[in-house]
Structure formats: C-alpha cells, structure tokens
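Notes follow once the structure below has been shown.
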Amino acid sequence: MNQTVSDTPNSNNADVRPVRGSNSTVSRIGTIARNAFREAVRDRVLYNLVLFVLLLTAGAIFLGELSGGQEAKIIVDLGLSSILLFGVFIAIFVGVGLVHKEIERRTIYAILSKPIGRGEFLLGKYLGLCLTLLVNVLVMGTGVSLALLYVKRGWDPLVIRIWPAILLIYLELAILTAVALLFSSFSSPALSALLTFFVFIAGHFSADLKTFAASLGGTAARWFFTGLYYLLPNFANYSQITPAAHGYAPGATTLLVALLYATLYAGVVLAAGTLVFNQRNFK
Amino acid sequence: MTMQTDAIVIAKTAQRARTMGLASVLLLGAIGVVLLARWIDAHPQTPVIATAQEDLYVKPGTAKSLTLAFNGLAADWYWMRSLQYVGRKVLRYQDSNPGQLSLKDLSDLDLRILPPLLRLSTTLDPQFIAPYEFGAMILPTFNNEEAIALLTYGIEQNPKTWRLYQHLGYVYWQSGNYQKSADLYSAGGRLPGAPSWMSEMGARMTLEAGSREAARQMYQHLYQESSDEFVKQMLLRRMLQVDSFEQREIIRRALKEYSTRNGKCPTSWKDIAGTLLPHLRLEPNTGAPLDPAGTAYVLVKGGCEVDVDPRSQVPYR
C-alpha cells in the first residue's frame, strides 16, 4: 500500500495515512516539505519577524531624513541587511529544530515506520524551510521596493536592481539551512545553532582563509587552511548588498554560478546529513 | 474543621498582605523613578567636551572585516554620525558664540573625529560618494591634507566617477594650487558621462584660476550636483559672498569718487545713493545698498569703508 505523510493542515508529521497515487519519492518529499512549511508558518515567531522587518523598513523612511539626501541608499542597505539577518535567524533557529522537534515529540517513529527514507525526510524538511524562507524573503523584498517607491515619490531603477542581490541573499540562506540541518542531524539544537552561526561568520571570512593559507610557509598548514577554505561556504560571493545600494546588479553569469554553487553545496551538505542521520539509532 | 477554616483565612490574609505590599513597592518605586527623572532633568550635567569621548576605537580596516555582509549599513551609520557630529558642533558653537561662524575656518568647531569618521564610512563602502563630497566641503576649512587624502582615496576606488575629480579639483583650487586643480578638472572632463563644463572649467582654471567668475561657476556646479542640504547651504553662502565681493568693489569705487570730489568721506548712504542706484538695490529710506541676501551694507571707518552687516546671511569673515 502506498503511504505518505498526511498534508492536512492541523496534523503533524505523525499523522500518516494512505494517499492515492503518491508512491514516488518526489511526492513523499513534497508532502513532508508542505508540512514543514505549514508548521513554520503556524509558528508565531515567523510572523513576528516578517512584521518586524516591515516595521523596520517603515522606520528606515524616517531614518532616511537624517541621512543628508541618501535615503534610497540607506533604505536598501537597511532593508537588505534586515532580510539577511532575519533570514539567518530563521534558518538557524527553525532549521536546527526541524529534526529535533520530531524526535522530542516522538513523531519521528511514526514517520520512519512508513516507507519514507531518512534522506527523503531530511530533504523534505529542508525544502519546507526553504519555501518558508522564500516567502519571507519575497515579502521583505517587496517591502523594501515599496519603501523605495515611497521615498523616491515614484519609479526608481533601484526598485528592480535590488532583486538580484535579494536572490543571492536567498541562496546564502538556503546554504545555511542545509548546514543547520546537517548539525541538527547529530547534535543538540543549542550546539547546532552555535555551530551554524559559526559557519555563517566563518563563511564571510573564507576568502581571508585562502589568503592566509597562501601566506603560510609550512605545507601542512597551507593544505589545512586551503582545505578549510573549500570546506566552508564562501558567503562573500553572496554579499551584494552594498553594490545593490549603488544600483549595481550582478550579471547573469554571476547569478547562475552562484545558483549552481548553492545547489551543489547544499546537496553535498544534505547528503552528509543523510549519512549521519542514517546511522542514528532512535531506539 | 474550624482550624482548617482559620488556616485558610490566615493564608488568604497573608496572600492579600503580600499583594498589597508588592503593589505598594510598585507604586512607590514608580513615583521614585518619576521624581528621580525630574531631578535629573532639572540638574543637567555640565557638558564636558572630553577628548576621551571623541575618540574612535575602530580602525577602518578592522571595521570592514567585522561587519561581514553589513558593511554598507555600517557605512551609512558612520555617515549619519558624521552629519550629526558636525551639526551638533555647529549648534553648540552658535549657542556659545552668537556671532557668525566663519566658513573659511571651521577649526573653531574642533571637528577632530570628522576625518576618521569619513575615512571609516568610505573604507566600509568605497563607492559611497556622499562622504567624499561632504569631506571636500568641510575638511579643507581646517585640514587640507585630510581632504586631499580622502578624495585621492575616493578616486583610486572610483576612477571613473568624474564628480570626485571635481571635488578634488575644488580642494586644490581652495588651497591655491590652480595648476593641479586645472589638471583634475581636465582629467575628470575626459571621463565618460562627464558634463562638458568639466573640461571648460579645466581650461578656465589654467587661464583665470583666481577670478571671481571661475569661483562662481565652481560653486554653481558644486551646488547643482550636491544632494546634501548642509553642503548646499554652505555653497549658497559662498556664492552670495562672491556676489558681495563684486558689489563691495562698486561701493568702494563710489566712496573713493565721493571722497576725491569732496575731500571727505560720506556721512550717510544718501550722499552716494545716486552713484550706486544704477548698479545696486538700495533701501528706500536710508539709501543704503543691499547685499545679495537683502541686508543693508554698513559704512565703517568714518564712512570711508564698507562692510557686511554681521547679521547678514553673507559670510562676514
């Protein structure tokens, strides 16, 4: 019999019942993702964050008056930085709880007793949070664009030109979510959050790691830091907030490569997470 | 049974007493806070401009590393801090010195952390043009080297931004280095997107760098390009000053003519009103010529010399 996780709004992942014609992996992952999304959306903290950033954007309009004619730049800087910062908090704090909650509530037993692979479970959870972040980023980005229209009293090219930078922020968050899931597959939420936050910080310094490695004399140390550079995600490539505030948008090639890198990196991290999660004994 | 009832009554009484006690502490505490706040407001601390308060502890390079992806936001923060810093200093100065602030020399304001603030802002976001523009206007009045260093860094970081050449040209022009100024205007004029007047200014700087017409044009172009209200006001007053210099030359000629003809200086403006009328606006009652801001000029040195009224918008010094 074909079975999958229920997608009824008021159920959690433990409510598993047959769903007609949904025997494919994609369908099972999709169902888990939908449930993860619904669960995150039901989380009041998430709504508060969205509201808070919208308020922050409104605040930027007043802050802009203190800026000596630089309102648009400050709104873009403040708005996009807020999108990144709040996105990071959501990715970390919701991300590390995705697996842990299921274990704590013991609903994981019900889910994994069904024909659902652990990899499918992890991937579904990941995609669910990515969808939540996408909605979040889109709402916030629209807020920034509307704030720009308000400040400029009409159309301004920045309204469009900030969107490639927003896409890069989203990709950075997608990578970070995968990292959060990897850590949460084998450690406690607090430690996972700490480690993920560390990766976020280190990811912005990874270019310095490469420079540092090149400056080292010893071969072992050089190899170690070069390895660390490739191991950590290079988030500097996704930091386009400041250029966006000046109206510079990254080219299509940059965006495509960034998308490819994010997909590959997240894929590798999730595969590693699945490997660890597969070894985990829930008895 | 009675004992149980008594115990309940005692417990309830104790509970009520605790609630009342807490409420009293809350009320008294709130009253205390309000009274204290009122006392603090009534006894403001003497403003001490301590040097320690005015130091910046973060070096620009360190700040850039620490801000991760938020360097643009940090640059905005330091930019707004620069504006607030200058504004606060100007207000404080005007409170303690009711006379006009000299536009040529802002060293009285003691803007010691303005250069590092602007350096921080531009290191965090090298494409942020506003701090360079602000620095070009303010820094030369008390520290020309800092202004040149800031603008030179700006050009290094943004070699195709003609406005930075304009600003650095202005800084050199102010310091009297007309050749360097001309070179910068010409170099900026060759950049794509630069207006044609940049090259024209370059040529004019070579031929008549110290002329008032060149100064007026320079101020006009800077005024048109600026988006900062403080800078605009400063430039507007500079333009008024240039106009006033020309007006005062006309008045001086009239004063000289009068004293040559009569062997003495005029006792009132009415004595030379007829000579001035074709060239200047005059006050109907006194015949005093009006400066570009609409305030009457004053006769000084026994009527032999003219000066700007200290209350005028035209810079006094």
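Output the residues belonging to the stretch A:131-186 that are under 13 Å from A:Val269 (Cβ atoms) and either without any contact (Cβ under 8 Å) to a residue 12 or more places away in the chain or under 11 Å from the mean Cα position of the chain (by Cα) (or both).
Matches in the stretch A:131-186: A:Ala174, A:Ile175, A:Leu176, A:Thr177, A:Ala178, A:Val179, A:Ala180, A:Leu181.
Do you know which residues across the stretch A:232-280 are under 19 Å from A:Ala178 (Cα atoms) and β-branched (Val, Ile, Thr)?
Correct list: A:Val257, A:Thr263, A:Val268, A:Val269, A:Thr274, A:Val276.
Scan the stretch B:210-219 and tell me whether some residue there is modelled with pLDDT of 85 or more, away from chain A (no Cβ under 14 Å) and assigned to a helix (DSSP H, G or I).
So far as the stretch B:210-219 goes, yes, one or more of its residues are modelled with pLDDT of 85 or more, away from chain A (no Cβ under 14 Å) and assigned to a helix (DSSP H, G or I).
How many residues does the stretch A:96-119 hold that are surrounded by fewer than 24 Cβ atoms within 10 Å (Cβ to Cβ) and part of a helix (DSSP H, G or I)?
Final tally of qualifying residues: 14.
Taking the stretch B:200-242 on its own, how many of its residues are without any contact (Cβ under 8 Å) to a residue 24 or more places away in the chain and polar (S, T, N, Q)?
Of the residues in that region, 5 qualify.
The values are calculated or read from the model by the stated rules, or taken from the named source; none is laboratory data. Small disclaimer: the values here were computed from a predicted structure and weren't measured. A quick note on method: Cβ atoms are made from the backbone with ideal geometry, for glycine too, and the neighbour counts reach across all protein chains shown.
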